[in-house]
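Undergrad: Here it is: the structure, laid out below.
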Amino acid sequence: MLAIGSDHGGYELKEEIKKHLADIGVAYEDFGTDSEASCDYPLFAEKVCGAVQTGKCERGILICGTGIGMSMCANKCRGIRAALCGDCFSAEYARRHNDSNVLCMGARVVGPGLALKIVDTYLAAEFEGGRHARRVAMITELEGRACL
């Protein structure tokens, strides 16, 4: 199951992605927002990341105007490795090398056609492990630690 969420700036693209996920048979849960009315993106980032943290959903997708705010919020959540992607190469390698579990996109930066290709690429890619597992473990060690 995939968790998906957006703020008002990403609402329209989120709806496009939901249609696409249904068309390709990918189960998802929508954690909001449910309109283009102004809202606060951290609330939706927290809901999506919570679903990933608890194992309710395997991965998540977050969308706001630029994707920056969502990715910043998501990466504050323990165990989340959110990747802001605006191209297919980054989406593929965020999964293959970084074991990203949340994809972030900017609806005002990426058009719907490219966004769907990014989603497909992200969902198809698998973590390679190996030398990358050591690096992902190092990312996890940084959580909650003051970097001096």
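The values are calculated or read from the model by the stated rules, or taken from the named source; none is laboratory data. What you see is a predicted model; the values in this text were computed from it and never measured. With ideal geometry, Cβ positions are generated from the backbone for all residues, glycine too; neighbour counts draw on all protein chains shown.
Undergrad: Cβ contacts < 6 Å: first residue under 14 Å from R78 (Cα atoms) and modelled with pLDDT of 95 or more, restricted to the stretch 133-148; second residue surrounded by 10 or more Cβ atoms within 10 Å (Cβ to Cβ) and not aromatic (F, W, Y), any location; separation 6+ or different chain. Result?
TA: Correct list of pairs: V136/D99.
Undergrad: Checking G79 against (1) touching a residue at least 60 places away in the same chain (Cβ under 8 Å); (2) in a strand (DSSP E or B); (3) among the small types (G, A, S): exactly one of these is not met. Which one?
TA: Failing condition for G79: (2).
Undergrad: Would you call S38 of a type in the set (S, T, N, Q), more than 21 Å from C85 (Cβ to Cβ) and without any contact (Cβ under 8 Å) to a residue 60 or more places away in the chain? Outline the logic, then answer.
TA: Numbers: of a type in the set (S, T, N, Q): yes; more than 21 Å from C85 (Cβ to Cβ): yes; without any contact (Cβ under 8 Å) to a residue 60 or more places away in the chain: yes.
Yes; evaluated as a whole, the condition is true for this residue.
Undergrad: Can you name the residue in the stretch 87-145 that is of a type in the set (S, T, N, Q) and part of a helix (DSSP H, G or I) and is also surrounded by the fewest Cβ atoms within 10 Å (Cβ to Cβ) among such residues?
TA: Looking at residues that are of a type in the set (S, T, N, Q) and part of a helix (DSSP H, G or I), I get T140.
Undergrad: Is there a residue in the stretch 52-60 that is part of a loop (DSSP other than H, G, I, E, B), in contact with a helix residue (DSSP H, G or I) (Cβ under 7 Å, 6 or more places away or on another chain), among the hydrophobic types (A, V, I, L, M, F, W, C) and surrounded by fewer than 22 Cβ atoms within 10 Å (Cβ to Cβ)?
TA: If we filter the stretch 52-60 for residues that are part of a loop (DSSP other than H, G, I, E, B), which is where we start, we get 55-58.
In the following step, the residues that additionally are in contact with a helix residue (DSSP H, G or I) (Cβ under 7 Å, 6 or more places away or on another chain) were identified as 57.
Within this subset, residues satisfying the condition of being among the hydrophobic types (A, V, I, L, M, F, W, C) are 57.
Filter once more, so that each one left must be surrounded by fewer than 22 Cβ atoms within 10 Å (Cβ to Cβ): none.
Scanning the stretch 52-60, I find no residue that is part of a loop (DSSP other than H, G, I, E, B), in contact with a helix residue (DSSP H, G or I) (Cβ under 7 Å, 6 or more places away or on another chain), among the hydrophobic types (A, V, I, L, M, F, W, C) and surrounded by fewer than 22 Cβ atoms within 10 Å (Cβ to Cβ), so the answer is no.
Undergrad: Then there's this: Given the residues I17, I63, which is the only one that is among the hydrophobic types (A, V, I, L, M, F, W, C), closer than 21 Å to E126 by Cβ and within 13 Å of the chain's Cα centre (by Cα)?
TA: On the way: I63 fails: closer than 21 Å to E126 by Cβ.
One residue alone meets the criteria, I17.
Undergrad: Would you mind stating whether A115 is within 21 Å of A137 (Cβ to Cβ) and among the small types (G, A, S)? Spell out how you get there, then give the answer.
TA: Numbers: within 21 Å of A137 (Cβ to Cβ): no; among the small types (G, A, S): yes.
For A115, the condition - within 21 Å of A137 (Cβ to Cβ) and among the small types (G, A, S) - is not met.
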